[in-house]
Every structure is written in C-alpha cells, then in structure tokens.
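The next block holds one structure in the form of structure tokens; read it before the comments.
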Amino acid sequence: MHKSGEQPIQYGGVPEAERPPMRSIGRGMRSTCPACGTGKLFRAYIKPVDNCGVCGEEIHHHRADDLPAYIVIVVVGHVMMTGYMLTDMAFRVSPWIHLAIWVPIAVLAALLSIQPIKGGVIGLQWALKMHGFGSKHGDGPEGRHGGPHE
C-alpha cells in the first residue's frame, strides 16, 4: 500500500511511440517532420528547422553532414553515366555536345535531389534515435553532439 498523495511505482517507464524507419525516411524525403509528418523540416533550401512548428519535436540533433552529398553523387553519377553511355551508343556526336547536354542535367538533378535525400537521412537518424533524438532533451549518453567524448 502507498500513502495517500504518493504515486504508485511504475516499472518500465512510459511506452514510447513507434518510430518506423521507412515512414520516417518517407516523411523526411517529403520535407516534413519525421515525428508528426505535418510540420516543415527545412527553413531554407537545405537548412533544417531547430524544432517542428507543429509538434515541437527537436530537429537540431541531426548530424546529416556529408552523407546526403555522397548519396547524391552516387545516384546522380550512376544515372548520368548510364544516360551518357546509352546516348553515345545510339547517336555518335561530339564530346562537346555530350558536355553541353549532360553537365546541366547532372547539376539540375543534384540540386533537385539533395533536399529530399537530406530529409531522408534526418528521418532515418530520428527513427533510429541517433545523435540525441532518443532522449527527451538531447542530454542522454550521446549528448547533443553525438559522442560521449566531446
């Protein structure tokens, strides 16, 4: 028995909401908050918000760093090289013509894909509770900056 006014002991804590990775990645790729799917994820082109304007989820923990750029390079590079090779097999044209065609397409493809890919990376980090997304205030064992030794 417990005294009146005291809370009973609860083991196991409060159950957390699920964080399915694919749903979180999809929300991030749509530039919405990975937690609620409604709030904006970016305040500028590729600059994420600090907190979701709808649910208040802290987004500043993310450590996307260079991964989105590497993914863009791999994806765009493979697509462009395939397009170049298929075009070169079908039409024999000057290398300057290929340069005039494929460089603008590659730049445009990279610029159009960097934001959704960065959003997906942030969504994945949120779903896996990486870099402070798992603790309520970002002061868990990983701290705010992603490592115990900083």
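The values are calculated or read from the model by the stated rules, or taken from the named source; none is laboratory data. All of these numbers come straight from a predicted model, not from anything done at the bench. Positions of Cβ are backbone-derived with ideal geometry, glycine not excepted, and every protein chain shown enters the neighbour counts.
Within the range 61-79, residues that are over 25 Å from ALA35 (Cα atoms) sit with their Cβ atoms under 8 Å from residues that are among the β-branched types (Val, Ile, Thr) and part of a helix (DSSP H, G or I), at 6+ positions apart or across chains, in these pairs: VAL75/ILE117. Against the conditions (1) over 24 Å from GLY28 (Cα atoms); (2) outside any helix (DSSP H, G or I); (3) aliphatic (A, V, I, L, M), MET85 satisfies every one except (2). For the range 85-128, a residue qualifies if it is without any contact (Cβ under 8 Å) to a residue 24 or more places away in the chain and among the aromatic types (Phe, Trp, Tyr), and the qualifying residues are PHE91, TRP96, TRP102. Suppose we keep only residues that are over 18 Å from PHE133 (Cβ atoms) and of a type outside the set (A, V, I, L, M) within the range 48-73. Which one would you say is modelled with the highest pLDDT? That would be TYR70. Being under 22 Å from SER24 (Cα atoms), surrounded by 16 or more Cβ atoms within 10 Å (Cβ to Cβ), basic (Lys, Arg) and at pLDDT 95 or above is a property that holds for LYS118. Got at least one residue in the range 50-58 being within 12 Å of the chain's Cα centre (by Cα) and outside any strand (DSSP E or B)? Within the range 50-58 (the criterion being within 12 Å of the chain's Cα centre (by Cα) and outside any strand (DSSP E or B)), the answer is no, since none of the residues qualifies.
Identify all residues within the range 69-111 that are charged (D, E, K, R) and surrounded by 11 or more Cβ atoms within 10 Å (Cβ to Cβ); write none if there are none. Within the range 69-111, ASP88 is the sole residue that qualifies. Hey, among LEU99, LEU86, LEU108, which residue is at pLDDT 95 or above and either under 16 Å from ALA127 (Cα atoms) or not hydroxyl-bearing (Ser, Thr, Tyr) (or both)? That would be LEU108, the only listed residue that is at pLDDT 95 or above and either under 16 Å from ALA127 (Cα atoms) or not hydroxyl-bearing (Ser, Thr, Tyr) (or both). The single condition among (1) within 13 Å of the chain's Cα centre (by Cα); (2) outside any helix (DSSP H, G or I); (3) surrounded by 13 or more Cβ atoms within 10 Å (Cβ to Cβ) that ASP65 does not meet is (3).
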